[in-house]
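Read the structure below first, then the notes.
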Amino acid sequence: MEKIDIMSLDVDEIGEILVGIGEKKFRAKQIFQWLHVKRIFDFDEMTDISVQLRGRLKEIFCVNGLFVQKRLESSIDNTVKYLYRLSDGNFVETVLMEYSYGYSLCVSTQVGCKMGCRFCASAIAGFVRNLTPAEILMQVYETEKNSGVKISGLVLMGIGEPLDNYENVVKFLRLLSHKSGNNFSLRHVSLSTCGIVPKIDELADLELGLTLCVSLHSADNSSRSEIMPVNRTWDIDRLLAACRRYIEKTGRRITFEYAVIEGVNSSDRDADRLAGLLRGMNCHVNLIPVNKVKERNYRTAGNAVADFADRLSRRGINATVRRTLGSDIEAACGQLRRDAAEKQMNGGVNG
């Protein structure tokens, strides 16, 4: 029988399995706290549980940990980028960032990505599979263990499209915030999407309290469809309508991510269009220099991001420039994973 990864199960699910083997349901909370509060993943070390039950747990369950394949630390701002190897040999990236208020972690939700955004390194290497709730959660736990710091903020902006892995991501969020476990406030979580409209509506209905970040990157359908194929299915009008519904349902402000790309979306006309689209909406624009990707020619010129922010501010739109972290270690997601996968194919990475 294939073992079940217990880190993807909540207290009730563990309890149902325990009852099914003749154990008391209350044991589930004890086990859950060993895993999520004490971070003990060896059943033999759960000392307030009988030896017999510990033996049964080892027969039924497993904990699929992550392995640090590579760890890069910035000499500029203490950003740390992890390349994690999963139990099946695939790779994901996780980035730990230090701010004045504490530490924030950027986690991945898929191995690769199928959205095909032209400026993104994650899309170039292709999509392999979704991450399980446990694999997303273990990025948090393993990074805290390796770094020795407590994470106070979380962003789902790493490799993959979170809403394309909707069920597993929601399960991860419920595990992360479970009162008997980590009890992490979802108000300190930001989830980034390229714009899967039906899932934005589903997420709004859950009223989780998180911040929704929408990768917009263009204010007209023609150029957005060129750099973001998702726009061919859900265009800007449909996307912004879903964003307004999200704001109305949750009362939460939305952040629009906008990578300023020379010759694509950085002109005065682009600023006018963007201001016209967003004026009156409870939102904030986060402007980003486009990441360097060797297979693409996209670039951000000189002061283009600051200039674009100024243009938006003059048009009454709240806009800030994202602080660039880990520039000396290529902290943008996708590049390490792609290189590691290529080396593995050529026999250069030990499994």
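The values are calculated or read from the model by the stated rules, or taken from the named source; none is laboratory data. Only a predicted model underlies this, so the values are computations on that prediction, with no experimental measurement involved. Glycine also receives a Cβ, built like all others from the backbone with ideal geometry; neighbour counts cover every protein chain displayed.
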Response to the item:
Selection from segment 6-38 of residues within 16 Å of residue 52 (Cβ to Cβ), assigned to a helix (DSSP H, G or I) and basic (Lys, Arg) yields 27
Item to complete: With the condition kept exactly as written, say whether any residue in segment 11-24 is in contact (Cβ under 8 Å) with a residue 24 or more places away in the chain, surrounded by fewer than 17 Cβ atoms within 10 Å (Cβ to Cβ) and farther than 30 Å from residue 323 by Cβ.
Response: yes
Response to the item:
When segment 59-117 is checked residue by residue, the ones that are surrounded by fewer than 19 Cβ atoms within 10 Å (Cβ to Cβ) and among the charged types (D, E, K, R) are 59, 70, 71, 73, 77, 88, 98, 114
Item to complete: Go through segment 250-281 and give me each residue that's surrounded by 15 or more Cβ atoms within 10 Å (Cβ to Cβ) and within 18 Å of residue 187 (Cβ to Cβ).
Response: 250, 252, 254, 255
Fill in: Lone unmet requirement of (1) assigned to a helix (DSSP H, G or I); (2) over 11 Å from residue 200 (Cβ atoms) for residue 259
(1)
Discussion item. Quick check on my filter: what residues within segment 62-93 are closer than 19 Å to residue 125 by Cβ and hydroxyl-bearing (Ser, Thr, Tyr)?
Written reply: 82, 84
Fill in: Hey, residue 232 assigned by TED's automatic domain parsing to the domain that holds residue 317, of a type in the set (Lys, Arg) and under 23 Å from residue 98 (Cα atoms) or not
no
Item to complete: Take segment 31-48 and flag every residue that is more than 29 Å from the chain's Cα centre (by Cα) and surrounded by fewer than 19 Cβ atoms within 10 Å (Cβ to Cβ).
Response: 44, 45, 47, 48
